[in-house]
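The values are calculated or read from the model by the stated rules, or taken from the named source; none is laboratory data. From a predicted model like this one, the values you see are computed outputs, not experimental measurements. For neighbour counting, all protein chains shown are included, and Cβ atoms are generated from backbone atoms with ideal geometry for every residue, glycine included. Each accessible area value is taken on the protein alone, full model and side chains, heavy atoms only, with ligands, DNA and RNA left out. Shrake-Rupley method; radii C 1.70, N 1.55, O 1.52, S 1.80 Å.
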Amino acid sequence: MNLDFSIILKYLPFLLQGAGLTIELAVLGIAFGILMGLLAALLKISHTPLRYIAHFYIWLIRGTPLLVQLFLIYFGLPQLGITLDAFTSSVLGLGINSGAYLAEVFRGGIEAVPKGQTEASLSLGMGKFLTMRRIIFPQALRISIPSLGNQFIITLKDSSLCSVITMSELLQTSQRFASVTFGSLEFYTTAAALYLLMTTVISALLRSLEWRLSKENRTRGC
């Protein structure tokens, strides 16, 4: 068995470029997912018929693989006259997928806020929208941050599936050079190390954020 990790040095800039694209996909995907998830959560807790749309969206997306969803967006939509490039399809797929999971995260966060605060806000003359924006949602977001961070890490790793729709992120870049140099173990090991590095840094940032929020809560309690 001949392993030569020195070949990685020649292609490292391209691998780092792929890692940068992976982070970009994850950030944009989770941002879109937050919008989708928040909208679905608000619809689900509403007492209007629109809540059935949110239930269907969450049921459909959580019950089907992300890979299938990416195929439907990139290869299926052109049959309906809607053609999207690989980057847009990737962001859309990651956002729609993460949004279904974040919807339950936000719903749980909103319902965790004591109902007495809503009643108090309404009694002071604040409308439902203003109460949600100023009182309920800031607290729900604080409660949801750990789960939101976990979903961001999941989305970052799931972005590797975008390689199947020709997206040149970290995994596809590694596959391309592994096939050229026949250094499969070297390139895939390096890709795994880069994924591990990114998720470790993100986890550390999330722990720091949670510690700061916890410190603020203790300070306010005092």
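Things worth noting here:
- Scattering profile of region 54-113 at q = 0.14, 0.15, 0.30 Å⁻¹ [log10 I(q)/I(0), Debye over alpha-carbon scatterers]: -0.45, -0.50, -1.18
- 133, 51, 176, ranked by accessible area, largest first (probe 1.4 Å): 133, 176, 51
- When the charge dipole of the chain is built from unit charges on Cβ atoms (+1 for Lys and Arg, -1 for Asp and Glu) and taken about the Cα centre, the candidate among 15, 125, 167 whose Cα reaches farthest toward its positive end is 125.
- HN-Hα J in Hz across region 84-93 - Karplus 6.51, -1.76, 1.60, θ = phi - 60°, x for Gly and Pro: 10, 6, 4, 5, 4, 4, 5, 4, 5, x
- When nucleic acids and ligands are ignored and a 1.4 Å probe is applied, residue 12 ends up with an accessible area of around 60 Å².
- Under Karplus coefficients 6.51, -1.76 and 1.60, residue-wise ³J(HN,Hα) of region 72-79 in Hz, glycine/proline x: 4, 6, 7, 9, x, 4, x, 5
- Relative contact order of region 6-130, taken over Cα pairs closer than 8 Å and 6 or more residues apart, is 37 percent.
- Area accessible to solvent at residue 158, 1.4 Å probe radius, in Å²: 50
- Per residue accessible area of region 107-146, 1.4 Å probe, in Å²: 64
- Convex hull of Cα atoms in region 80-201, direction-averaged projection (nm²): 10.8
- Once P(r) over Cα pairs in 5 Å bins from 0, in percent is calculated for the structure shown, the corresponding label among [x] 1, 7, 15, 18, 17, 14, 11, 8, 5, 3, 1, 0; [y] 1, 7, 12, 14, 15, 14, 11, 9, 7, 5, 3, 2, 1, 0, 0; [z] 1, 6, 14, 19, 20, 18, 12, 6, 2, 1, 0, 0 turns out to be [y].
- Fraction of the pair-distance distribution of region 1-100 above 16 Å, Cα-Cα pairs, percent: 67
- Rg [Å, one decimal], Dmax [Å, integer] - region 20-73, C-alpha atoms: 13.3, 43
- Size descriptor, Kirkwood hydrodynamic radius, that averages inverse alpha-carbon separations across region 138-203, Å: 13.3
- Solvent accessible area, Å² - residue 3, 1.4 Å probe, full protein context: 80
- For region 52-59, the Karplus equation 6.51 cos²θ - 1.76 cosθ + 1.60, evaluated at θ = phi - 60°, returns couplings of 5, 5, 5, 4, 5, 4, 5, 4 Hz by residue, with Gly and Pro reported as x.
- From helices alone, the chain scores -26000 deg cm²/dmol at 222 nm; the rule is -39500 (n - 2.57) for each run of n ≥ 4 DSSP H residues, then divide by the residue total.
- Whole-angstrom Cα spans of region 1-40 along principal axes, big to small: 53, 22, 5
- Pairs of Cα atoms nearer than 8 Å and 6+ residues apart set the relative contact order; for the chain it is 29 percent.
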